[in-house]
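> Here you go, one structure.
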Amino acid sequence: MSTRTSWADLAANSAAENTTAGSSANNASVGTTSAAPARSTYVPPHLRNRVPSSDPPAPAYSGPASSNDRQGYGGPASSNDRQGYGGSRWGPPRNDYRSGYGVGGVGGRTGGWGNRSGGWDRGREREVNPFGDDDDTEQAFSEQENTEIDLGEALNQNIRRCKYVKPTPVQRHAIPISLAGRDLMACAQTGSGKTAAFCFPIISGIMKMQGQSAQRPLRGARTVYPLALILSPTRELSMQIHEEARKFSYQTGVKVVVAYGGAPLNQQLRELERGVDILVATPGRLVDLLERARVSLQMVKYLALDEADRMLDMGFEPQIRKIVEQNDMPLPGARQTMLFSATFPKEIQRLASDFLFNYIFLAVGRVGSSTDLIVQRVEFVHESDKRSHLMDLLHAQRANGVQGKQALTLVFVETKKGADSLEHWLYVNGFPSTSIHGDRTQQEREQALRSFRSGNTPILVATDVAARGLDIPHVAHVVNFDLPNDIDDYVHRIGRTGRAGKTGLATAFFNEGNASLARSLADLMQESNQEVPACCSLVMLFALLMEGGTVVLEEADLVAVTFEGTLHSVGAVQIIIVEQTAAVDMGLLADMEDMVQG
Ligand SMILES: Nc1ncnc2c1ncn2[C@@H]1O[C@H](COP(=O)(O)OP(=O)(O)OP(=O)(O)O)[C@@H](O)[C@H]1O
């Protein structure tokens, strides 16, 4: 037996605390603030405006301490990796979250269900090894044969093949909740391992169901009946989740299929006909498959919505409701539902209350916060100077040896045209680049991602289509050439770097056009211990002033402007001078004055 503390013990401790904290509330709320500084009690957006319960609020609590663990997990070591191996391991879960709910046979501490016997492991022999490590895997893990079996032997083996030594905080809490059969809304920072957090319980639950020889209806020969559905907003993210889920379910007998738009339907239909347990899909393509009666959701026991808020942003709500509410999907309570994202704006409340049953809300850190593994820089750059400024950055990177196959740069722009023209301009100027946006064919999009991932074109110019979920190793720098209007979009964009415990850099080009983002950007940066730049504060100030009236600034404000002790009037707007508490670029200030006067 392993002598180390098992992951199950950590999970069980957390579970015990959380169950106590939230047991009498309708929806238990679990907050983990292991990485965040002490703050006043945070109320998640979906729980605001509720009639307060007579029960005491669920206290935030710290996850199990680990001194050298920024995110609480150890991934493969690398030069810019701040985390080490060791500590807790994957071990058997316990059932402290079960209170009054269970999807038939899903939850429960079970032994021996990961064995490979039985008639459900169809096609396993033919399965292509997604790890490409046929030669050494068995040997590499033979010394760990005695590791406790929890999620199932085959799944545990795959976790080791992925080199996941211990669970991340979101995994440590979300997996036992899901294994216990509870619905879950989980919010954790970008790059913190949410994909595995929803995939592991699904795969493990399906393995168990297969072991119990669940029967699927034999209706139309061409209709397939997945047991789990994972919805995601973009095609590329669906492909990535599919790849991950395939790795996790290698040799478990669980079959994962992906269906997304822009790719030939026939090929996807053929894949489906070969059998599907977990269907990963984008909403549009799935509606098409449902209308053609090629997929039935009647047997779905697990529904996961990844980046649920983005799906709403993209206008997918009607399709999602059609899928979840107007087809043959089992009702909430008869299925297990999970919503995952790094951000959860208010709009998601309606969806959550309609889709989830007696759920637990799990927040790792503050909802919508960015990880402090990302160094954030904001630079004041006029619209007309952006290209030359980008060029300067790229030249500097090259000079510092940061450019090349091992360091990728992702540049976000606002429009598809803007992406094309910037890509072309970079190319002409000697920087191999490619682009991804909604006007490119699916083939071109996939090719662009491949070329970026491989380092052939180490610069990718992208619209928001690449902002969510994409997990590309070696993205060292995210440049917000055009900043988004919404702070949540910013959080997801910069989250393409600083993943899995590695550090990253994010640079934003900021100017007067971004005034509406200034306050939330400053707040976010301050929260993640970043230096809030004067330009951000100043633009914010001027934006307020331009709305009319006088703004009285106090020391506590982020903004600190001094005009050498004099009172300035700019048009009808008054600026009241306060103590200088931050360095201010006077040239910038002059620009600002021009701006306000103009
Ligand atoms: N327990 C673990 N140990 C080591 N690495 C892990 C662990 N869990 C996940 N990872 C790795 O961390 C990276 C980020 O995981 P993932 O893509 O699931 O993040 P995410 O939270 O979904 O991010 P986003 O919010 O951007 O979608 C992946 O490369 C994944 O393989």
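> What residue, of Arg387, Arg350, Arg398, is at pLDDT 90 or above, more than 16 Å from the ligand (Cβ to nearest atom), among the basic types (Lys, Arg) and out of contact with any Asp or Glu (no Cβ under 6 Å at 6 or more places or on another chain)?
Details: Arg350 fails: at pLDDT 90 or above; Arg398 fails: at pLDDT 90 or above.
That would be Arg387, the only listed residue that is at pLDDT 90 or above, more than 16 Å from the ligand (Cβ to nearest atom), among the basic types (Lys, Arg) and out of contact with any Asp or Glu (no Cβ under 6 Å at 6 or more places or on another chain).
> In this structure, does Val300 turn out to be touching a helix residue (DSSP H, G or I) at 6+ places or on another chain (Cβ under 6 Å) and assigned by TED's automatic domain parsing to the domain that holds Gly152?
Answer is no for this residue.
> Would you please list the contacts, defined by Cβ atoms under 8 Å and residues six or more apart or on different chains, that run from a residue in the stretch 326-355 that is in contact (Cβ under 8 Å) with a residue 40 or more places away in the chain to a residue that is aromatic (Phe, Trp, Tyr) and within 15 Å of the ligand (Cβ to nearest atom)?
Sorted first by the residue in the stretch 326-355, then by its partner, the pairs are Met338/Phe198; Phe340/Phe198.
> Which numbered condition trips up Gln189, out of (1) under 30 Å from Ile494 (Cβ atoms); (2) modelled with pLDDT under 90; (3) of a type outside the set (Ser, Thr, Tyr); (4) not in a loop (DSSP other than H, G, I, E, B)?
All conditions pass for Gln189, except number (4).
> Quick one: in the stretch 500-520, which of the residues that are in contact (Cβ under 8 Å) with a residue 40 or more places away in the chain and more than 16 Å from the ligand (Cβ to nearest atom) is nearest to Ala196 (Cα to Cα)?
Top of the filtered list is Leu505.
> Mind checking which residues of the stretch 324-341 are surrounded by 23 or more Cβ atoms within 10 Å (Cβ to Cβ) and hydrophobic (A, V, I, L, M, F, W, C)?
Hits for the stretch 324-341 are Val324, Met338, Leu339, Phe340.
> I'm checking my understanding of the structure. Among residues of the stretch 249-280 that are under 27 Å from Leu312 (Cα atoms) and touching a Pro at 6+ places or on another chain (Cβ under 7 Å), which one is surrounded by the fewest Cβ atoms within 10 Å (Cβ to Cβ)?
In this case the residue turns out to be Val276.
> Also, quick follow-up: Would you confirm, using the coordinates I've provided, whether Asp354 is surrounded by fewer than 17 Cβ atoms within 10 Å (Cβ to Cβ) and not assigned by TED's automatic domain parsing to the domain that holds Ala342?
When the stated conditions are applied, Asp354 does not pass them.
> Do the conditions hold for Arg377, that is, is it within 21 Å of the chain's Cα centre (by Cα), of a type outside the set (Phe, Trp, Tyr) and under 24 Å from Ala466 (Cα atoms)? Spell out how you get there, then give the answer.
Numbers: within 21 Å of the chain's Cα centre (by Cα): no; of a type outside the set (Phe, Trp, Tyr): yes; under 24 Å from Ala466 (Cα atoms): yes.
No.
> Has the stretch 338-347 got at least one residue that is touching a strand residue (DSSP E or B) at 6+ places or on another chain (Cβ under 7 Å) and within 16 Å of Ile278 (Cβ to Cβ)?
Checking the stretch 338-347: at least one residue is touching a strand residue (DSSP E or B) at 6+ places or on another chain (Cβ under 7 Å) and within 16 Å of Ile278 (Cβ to Cβ).
> Another question, then. Just checking, how many residues over the stretch 268-307 are in contact (Cβ under 8 Å) with a residue 60 or more places away in the chain and closer than 23 Å to Gly205 by Cβ?
Looking only at that region, the number is 17.
> State all residues of the stretch 281-299 that are farther than 19 Å from Ala196 by Cα and either touching a Gly at 6+ places or on another chain (Cβ under 9 Å) or buried (at least 24 other Cβ atoms within 10 Å of the Cβ) (or both); if no residue qualifies, say none.
The first filter runs over the stretch 281-299 and keeps only residues farther than 19 Å from Ala196 by Cα, leaving 283-299.
Pro283, Gly284, Arg285, Leu286, Asp288, Ala293, Arg294, Val295, Ser296 - these are the residues of the stretch 281-299 that are farther than 19 Å from Ala196 by Cα and either touching a Gly at 6+ places or on another chain (Cβ under 9 Å) or buried (at least 24 other Cβ atoms within 10 Å of the Cβ) (or both).
> Being surrounded by 16 or more Cβ atoms within 10 Å (Cβ to Cβ), farther than 24 Å from Ser204 by Cβ, of a type in the set (Phe, Trp, Tyr) and away from the ligand (no atom under 16 Å from the Cβ) is the requirement here; does Phe344 meet it?
In short, no.
> Just one of (1) touching an Asp or Glu at 6+ places or on another chain (Cβ under 8 Å); (2) within 29 Å of Asn158 (Cα to Cα) trips up Leu265, so point out which.
(2)
> Same structure again: Being crowded, with 21+ Cβ neighbours inside 10 Å and more than 16 Å from the ligand (Cβ to nearest atom) is the filter here; which residues of the stretch 300-315 pass it?
Across the stretch 300-315, the qualifying residues are Val300, Lys301, Tyr302, Leu303.
> Considering only the stretch 456-476, state which residues are within 16 Å of the ligand (Cβ to nearest atom) and surrounded by 24 or more Cβ atoms within 10 Å (Cβ to Cβ).
Leu460, Ala462, Ala466, Ala467, Arg468, Gly469, Leu470, Val475
> Where in the stretch 483-564 are there helices (runs of 4 or more DSSP H), lying wholly inside it, with at least 2 residues that are at pLDDT below 55, surrounded by fewer than 23 Cβ atoms within 10 Å (Cβ to Cβ) and of a type outside the set (Gly, Ala, Ser)? Reasoning before the result, please.
Working: elements: 487-494, 515-527, 534-546.
By residue number, 534-546.
> As an exercise: evaluate Arg453 against (1) away from the ligand (no atom under 16 Å from the Cβ); (2) part of a helix (DSSP H, G or I) and give the number of the one condition it does not meet.
Of the numbered conditions (1) away from the ligand (no atom under 16 Å from the Cβ); (2) part of a helix (DSSP H, G or I), the odd one out for Arg453 is (1).
> Name every residue in the stretch 157-182 that is away from the ligand (no atom under 11 Å from the Cβ) and either closer than 30 Å to Arg366 by Cβ or surrounded by fewer than 24 Cβ atoms within 10 Å (Cβ to Cβ) (or both), in order of residue number.
Passing the criteria: Gln157, Arg161, His173, Pro176, Ile177, Ser178, Leu179, Ala180, Gly181, Arg182.
The values are calculated or read from the model by the stated rules, or taken from the named source; none is laboratory data. Note that the structure is a prediction, hence the values are computed from the model and not measured. In this analysis, Cβ positions are derived from the backbone assuming ideal geometry, glycine residues included, and neighbour counts consider all displayed protein chains.
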